[in-house]
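Values quoted throughout were computed directly from the atomic coordinates according to the rules given, and no laboratory measurement underlies them. Keep in mind it's a predicted model, so treat the numbers as computed, not measured. Cβ placement follows ideal geometry from the backbone for every residue including glycine, while neighbour counts extend to all protein chains displayed.
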Amino acid sequence: MVTGFNNSPGTSFDGRAFVELALWLTLAGGAWYLSGDFAGPLPGYEPGAAAWPRFIILLLATVAILQFLSKFRKAGTPAVVDEAADPLRFRGAGLQIAATFLAPLAYGWLLPRVGHFIATPIFLIAFALILGERRIRLVLLTSAFVFAVVLGIFSALFYVPLPEGSWPFFAEISHQIMSWLR
Amino acid sequence: MLENFIHGFLLMVSDPFTMLLFFAGLFGGLVFGAFPGVNSLTLCAIILPFTASLTPSDGIMLFSVIYCSGTYAGAVTAILFNIPGSPENAPTCFDGYPMTQQGKASLAIGAAVTCSALGGMFSAVVMMFATPLVADVAVRAFGQAEIFALIFFGLTVAGTVGAKSVWKGWLSVLFGLFLASVGTDAAEGVPRYTFGSYYLRAGIHFIPVILGFFAVAEVLIQGQRIAEKLRVPPKVSVEFPSFLTFWRLRIAIVRSMLIGLFAGILPGIGGTLGSFLSYGEAVRWSRNRERFGKGEIEGVVAAETANNAASGGAMIPLLALGLPGGALTAMMLGVFQIHGMEPGPSIMMTSKDLVWVTFVAMFMANALIFVLGYVETKTTVHLLRIPFPLLAPAILVLSTIGAYSLRNLIVDVWVMYIAGIAAYFLRKWGYSTAGVVLGIILGYLGESAFVKTMKLYEYDLSIFLTRPISASLILLGLATMVYGMVRR
């Protein structure tokens, strides 16, 4: 009943199998260690609060080891070439990919500091440019449209209290925009 | 029953404000459901305080209509962008998105429209006929042991679909179950893995995780493909599935209706497990199992019929017993409480107008989904024409607002982005993000059912194998695991 889904298939036995096993076992080991903070029987439930997560952790570690052994066993057989395979490798354009990952994080960091009204339009324009869109007028128009829709629906219609910023200068601008909108 | 239906219908159409709310709910659910990043749950969370100024009947009717239209509309983003509008639509991605990549998006959306409407109308009719009876039978037959066994079975099915291998499928589900253990334990509320954080005591909210796992991860993956010049924009077609297609899938449709309705009726189970189970059964009974996950229309049909059939089913325990079946029905319970009302067995007598207006509205909403959905099939596929670099920032902004506006906590935005980056690697390495999400959603419920069973039967584990329904479900789950291993 295993289906292909749209996840990119992996590769045959290689270094990644070790990395995956190490990650799962680290998670399991760390979680087991931390479960010591709440281990011990409870007055109304003998197995205690740690019983359930520890059972899950044991299963997780067991399946991770079985997965590793399964790959190890298959390593001797010739790898099947999968046309759809898209292993984790970057073919250049590393800077653009790094920016694709970092821009949303920067937006999430700036949002509570400079406020939604300033961070969002900047992010809309910047992210489109990062993804390679070079038609500046189209980028500006689309960003303005999306921002207007967001303002109209969330701020003006439903009064959703979106972040207004904690840095004084930006917070004042946000207050001005809010009072104008409402 | 017909008399009550006509009475409810007349009550609804005779009040212009109620009709206005009905259409607002219908379009609101369709719009919020069909935009990647926000969903019907976001809309309901936003408008919940506003329902205080509505009559209880209008408030419940509005939420039930949003529930129906939002559940359908979530399939559109699942099919077009691999971003399910709600967890119920996650299995729709399995085959819907590959169909889009093959230029068959309109066929997938057409199938989703038709089957959502069929599933929804079927469950609405069952709801009208048998709300008290069905709720009573379901609750009597399904104790905590059976709920646990059903969750176990559902998770074993989820472990065998969606990932590159059964090992990865099970690891995905187990990872989700582990994340669900963050917060407090189900027995006595002891904090677990909270690191002293007040926020983590409430557990990890599944909406930011879903937005991260699907919306953020998809943007990152497509962003990488754009950078590497590997992204091929999908072709747009406006072809609707033929009657013959649905006739060929009639057994799958009926089976999915029953599975969805059954899952919806059980408190806490809801459409998410229903659509996974339905998808799993479609794979199990199909003669073309190898086509699933690669763009098989039956996969879309199974998931979408079941999740909409669950919407009516979920209203049955809510109205008859006051037990919500999921996040949105829990909000409906909030609407009742805002007005100082408690749904329960007597509601059919004490608030007959409210109940019948809700039933009629849900039936009409599902009927209109068919009409509006047909138009939508011809129009929304054109969203694919929008260059992804212009669409992606909008998806991330809407996701950010969707995550933030649930509880007005910036930490939810961070959870979303961290989940997005984690999901990027999980997907790249062949794990099932849908499996993780199902683990998160059902983890606490499963633990709670297990703990209650253990307390009730004095820690006797054999109880799961001595009660017929629970034993059958446990054995089915084990058989699914063995079957998955043999077939890998």
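Using a cut-off of 30 Å between Cα atoms, the listed pairs A:Lys71/B:Lys455; B:Lys104/B:Lys164; B:Lys428/B:Lys455; A:Lys71/B:Lys294 include A:Lys71/B:Lys455; B:Lys428/B:Lys455 as exceeding that distance.
Placing a label point 7 Å from the Cα of A:Thr26 along the Cα-to-Cβ direction, the residues of region A:53-72 whose backbone N falls under 20 Å from that point are A:57-69. Each principal axis of the Cα atoms in region B:1-130 has its own extent, and those three values, largest first, are 47, 33, 23 angstrom.
In whole Å, what is the distance between the alpha-carbon centres of region B:272-313 and region B:335-386? So the two Cα centres are separated by 23 Å. Only alpha carbons enter this Debye calculation for the protein assembly as shown, each as an equal point scatterer, and the log10 of I(q)/I(0) it gives at q = 0.06, 0.09, 0.10 Å⁻¹ is -0.31, -0.73, -0.92. Counting neighbouring beta carbons within 10 Å and listing from fewest to most, the residues A:Arg135, B:Arg250, A:Arg54, B:Arg427 come out as B:Arg250, A:Arg135, A:Arg54, B:Arg427.
Computed on the Cα atoms alone, the convex hull of region B:95-213 gives a volume of 171 cubic angstrom per residue. For region B:322-395, rounded, prolate or oblate, judged on the Cα gyration tensor with a ≥ b ≥ c (square roots of eigenvalues), a/c < 1.5 rounded, else prolate if a/b > b/c? In terms of gyration-tensor shape, oblate. The Rg/Rh ratio of region B:173-220, with both radii computed over alpha carbons and Rh defined as the Kirkwood radius, is 1.07. Per-residue shielding of B:225-234, expressed as the average number of other chain Cβ atoms within 10 Å of the residue Cβ, stands at 4.
Return the whole-Å distance between the Cα centroid of region B:1-57 and the Cα centroid of region A:92-142. That distance is 36 Å. Reported value for region B:144-209: 106 Å³ per residue, from the convex hull of its C-alpha atoms.
For region A:106-165, the equivalent ellipsoid built from the Cα gyration tensor has semi-axes of 22, 15, 6 Å, listed from largest to smallest. With a 10 Å cut-off around each Cβ of B:431-437, the average count of Cβ atoms from other chains is 2. Counting only Cα atoms, region B:373-446 measures 41, 29, 26 Å along its principal axes, largest extent leading.
Counted by neighbouring Cβ atoms within 10 Å, the residues B:Lys452, B:Lys428, B:Lys229, B:Lys235 run from fewest to most as B:Lys229, B:Lys235, B:Lys452, B:Lys428. Applying the Kirkwood pairwise sum to the alpha-carbon positions of region B:217-306 produces a hydrodynamic radius of 15.1 angstrom. Taking 0.36 nm per residue of sequence separation and removing the Cα-Cα distance, the B:Ile421/B:Phe243 pair yields an extension gain of 59.9 nm. A simple spin-label model places the labels of B:Val13 and B:Val254 3.2 nm from each other, with each point 7 Å out along Cα-to-Cβ.
Translational diffusion coefficient of region B:141-182 at 20 °C, 1.002 mPa s, Stokes-Einstein with Kirkwood Rh over Cα pairs, in µm²/s as a whole number. Write down the numbers at each step before the final one.
On the way: Rh = 11.0 Å.
Answer from the Stokes-Einstein relation: 195 µm²/s.
Ordered by the number of other Cβ atoms lying within 10 Å of each residue's own Cβ, fewest first, B:Leu41, B:Leu249 fall into the sequence B:Leu249, B:Leu41.
Send over the per residue convex hull volume for region B:8-58, Cα only, as a whole number of Å³.
73 Å³
Each residue of region A:40-45 was assigned a 3J(HN,Hα) from its phi angle through the Karplus expression (A = 6.51, B = -1.76, C = 1.60, θ = phi - 60°), giving x, x, 9, x, x, 8 Hz with x at Gly and Pro.
Plainly put, region B:333-464 has a radius of gyration that is 1.08 times its Kirkwood radius, both from alpha-carbon atoms, as the Rg/Rh ratio.
What is the extension gain from B:Ala24 to B:Ser472, computed as 0.36 nm multiplied by their sequence separation minus the C-alpha to C-alpha distance, in nm to one decimal?
Separation in residues times 0.36 nm, less the Cα-Cα distance, equals 156.9 nm.
Overall shape of region B:446-487 was characterised from the C-alpha gyration tensor. The equivalent ellipsoid obtained from it has semi-axes of 24, 11, 7 Å, in decreasing order. Based on the reciprocal of the average 1/r between different C-alpha atoms, the Kirkwood radius for chain B equals 22.3 Å. Across peptide A:157-168, the mean count of Cβ atoms from other chains lying within 10 Å of each residue's own Cβ comes to 3. Under a 5 Å amide H cut-off, with hydrogens placed 1.01 Å from N, B:Glu239 pairs with B:Ser106, B:Leu107 among residues at least 5 apart or on other chains. Of the peptides B:79-89, A:62-72, B:119-129, the ranking by mean beta-carbon count within 10 Å, highest at the top, reads B:79-89, B:119-129, A:62-72.
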